[in-house]
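Engineer: What follows is a structure written as structure tokens; I'll ask about it next.
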Amino acid sequence: MSALHVTPMRLIVIEGADLGMVFVFADVAKLLGRGRDADICLQGRGVSRRHARLARASTGDAVVLDLGSANGTYVNEVPIKTAVLRAGDRLRLGFDVVLQVERHASDERDTIDLVETANADAGSDEVTDLRRRCLEMNRPRITSGQRPERL
């Protein structure tokens, strides 16, 4: 029995606060959302902490599953609970985060989870910057006379 060949997919943020970020999804399931535990952390109106999951079907197809998000997951503007992703699809989370789905060229590095993009020339580490932003967005805010929020 031959091994199943999985074509890595590239997700490019084309609308939303993280415009220009590029993520590579190969065969390990990824959690999408704005929460601390998200593998792909996205900030935007209507993005839940645990919004959706990218996984591989037994056929090798890339599949997106909505995790009961409050504002929905859409593929090509059709609301979904589960859908197969193909190159050229647009994945929308909530109101304003849109990712373009593309094939990841086989001659590119297949093992990376995140491609450094916008700040690469400035020496910024995109993974660190993105994680820090997610943690800051989810940190309880306390003002005088308030009790801390529960996470």
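The values are calculated or read from the model by the stated rules, or taken from the named source; none is laboratory data. Quick caveat, the model's predicted, so the values are computed rather than measured. Here the Cβ is made from the backbone with ideal geometry for all residues, glycine too, and neighbour counts use every protein chain on show. Surface areas here come from the heavy atoms of the whole protein model, side chains and all, with no ligands, DNA or RNA. Shrake-Rupley method; radii C 1.70, N 1.55, O 1.52, S 1.80 Å.
Engineer: Any idea which residue in segment 60-86 is farthest from V24 (Cα to Cα), counting only those that are touching a strand residue (DSSP E or B) at 6+ places or on another chain (Cβ under 6 Å) and modelled with pLDDT under 95?
Structural biologist: D61
Engineer: Let me ask something additional. Looking at (1) open to solvent by 10 Å² or more (accessible area, probe 1.4 Å); (2) at pLDDT 95 or above, which is the only condition M9 fails?
Structural biologist: If we test M9 against (1) open to solvent by 10 Å² or more (accessible area, probe 1.4 Å); (2) at pLDDT 95 or above, just (2) comes out false.
Engineer: Answer yes or no: is there a residue in segment 13-27 that is open to solvent by 30 Å² or more (accessible area, probe 1.4 Å), touching a Ser or Thr at 6+ places or on another chain (Cβ under 9 Å), within 15 Å of R90 (Cα to Cα) and touching a residue at least 40 places away in the same chain (Cβ under 8 Å).
Structural biologist: The answer is yes; a qualifying residue exists.
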